[in-house]
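Peer 1: Could you have a look at this structure, given as structure tokens, before my questions?
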Amino acid sequence: MNTSIPAAQMWDERYGDAHIWSGRPNTALVDEVSDLTPGRALDLGSGEGGDAIWLAEQGWQVTAVDISRVAADRAALASRERGVQGRIIWVVADLESWLAQRPNGGDPVRTDSGESFDLVTASFLHSPAPFAREKVLSLAADRVAPGGRMVVVAHAAAPSWSAHHDMDFPTPEGDAAAISAGGGWEVEVAQVRTRPATGPDGQSALLEDSVVRARRI
């Protein structure tokens, strides 16, 4: 992947002409969100829409933000095919810039309607391009309403077939710290979980995911 070009272009090229994800929601997200009462949700780095569409099907009203126009258009089409297009707003934007918007120098914009979210999710929010991940998580935490949750799922280690074993992967402790940096949070879950996976050559493996769920007090 060419990281010398703008991030939006890089991700548009990454998504290319065909789906790269399954369209199914991430298992850890489903596990952490299924017991919550639906309300307003914000999905960070929504990609082809698997998580956002699943949330909408559970009754959430979702704002889904991704930097790739190709991914967002593909996700919007999938939402129409699944009959939940009225429950999702698709936004094409750089997450850091979008989250940092402030009207007249005041408090962060909560959404176009000025409201906060009952749930903020981020699944595998990684990028080979320069990306202020901890800052994005901290800014996103400001969008959570009192009593609301933030759920962050990340790769905790590279799979055995990956060429990126020297990368620094997020930890549950690091993501929990980024979320709760401003105070007023209860960290309900912060752990590494394993899940079975099949590699590109059919090999079986257990992947490690960092899972964090926090409630704003």
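The values are calculated or read from the model by the stated rules, or taken from the named source; none is laboratory data. Please read all numbers here as calculations on a predicted model, not as lab measurements. Using ideal geometry, Cβ is built from the backbone for each residue, glycine included, and neighbour counts are taken over all protein chains shown. Surface areas here come from the heavy atoms of the whole protein model, side chains and all, with no ligands, DNA or RNA. Shrake-Rupley method; radii C 1.70, N 1.55, O 1.52, S 1.80 Å.
Peer 1: ASP175 versus (1) buried (at least 19 other Cβ atoms within 10 Å of the Cβ); (2) over 20 Å from LEU44 (Cβ atoms); (3) of a type in the set (Asp, Glu): which is the lone unmet condition?
Peer 2: (2)
Peer 1: Separate question: Could you grab the pairs with beta carbons closer than 8 Å, sequence gap of 6+ or different chains, first residue in the stretch 88-102 and under 11 Å from LEU42 (Cα atoms), second one surrounded by 15 or more Cβ atoms within 10 Å (Cβ to Cβ) and aromatic (Phe, Trp, Tyr)?
Peer 2: Once the first residue is under 11 Å from LEU42 (Cα atoms) and sits in the stretch 88-102, its partners that are surrounded by 15 or more Cβ atoms within 10 Å (Cβ to Cβ) and aromatic (Phe, Trp, Tyr) give VAL91/TRP98.
Peer 1: Report, ordered by the first and then the second residue, all pairs with beta carbons closer than 8 Å, sequence separation of six or more or different chains, a first member in the stretch 165-192 that is in a helix (DSSP H, G or I), and a second member that is open to solvent by 60 Å² or more (accessible area, probe 1.4 Å) and not basic (Lys, Arg).
Peer 2: Pairs found: PRO172/GLN191; PRO172/VAL192; GLY174/GLU134; ALA176/VAL187; ALA178/GLU134; ILE179/VAL187; SER180/VAL187.
Peer 1: Something else now. Could you please tell me which pairs satisfy a Cβ distance under 8 Å, a separation of 6+ or placement on different chains, a first residue in the stretch 200-217 that is more than 25 Å from SER116 (Cα to Cα) and in contact (Cβ under 8 Å) with a residue 60 or more places away in the chain, and a second residue that is open to solvent by less than 20 Å² (accessible area, probe 1.4 Å) and in a strand (DSSP E or B)?
Peer 2: From the stretch 200-217, the pairs are ASP209/VAL153; ASP209/ALA154.
Peer 1: Mind listing whichever residues of the stretch 27-53 are open to solvent by 10 Å² or more (accessible area, probe 1.4 Å) and either touching a Ser or Thr at 6+ places or on another chain (Cβ under 6 Å) or in a loop (DSSP other than H, G, I, E, B) (or both)?
Peer 2: The answer is SER34, ASP35, LEU36, THR37, PRO38, GLY39, GLY45, SER46, GLU48, ASP51.
Peer 1: Every residue in the stretch 66-95 that is assigned to a helix (DSSP H, G or I) and farther than 20 Å from PRO38 by Cβ, please.
Peer 2: Passing the criteria: ARG69, VAL70, ALA71, ALA72, ASP73, ARG74, ALA76, LEU77, ARG80, GLU81, LEU95.
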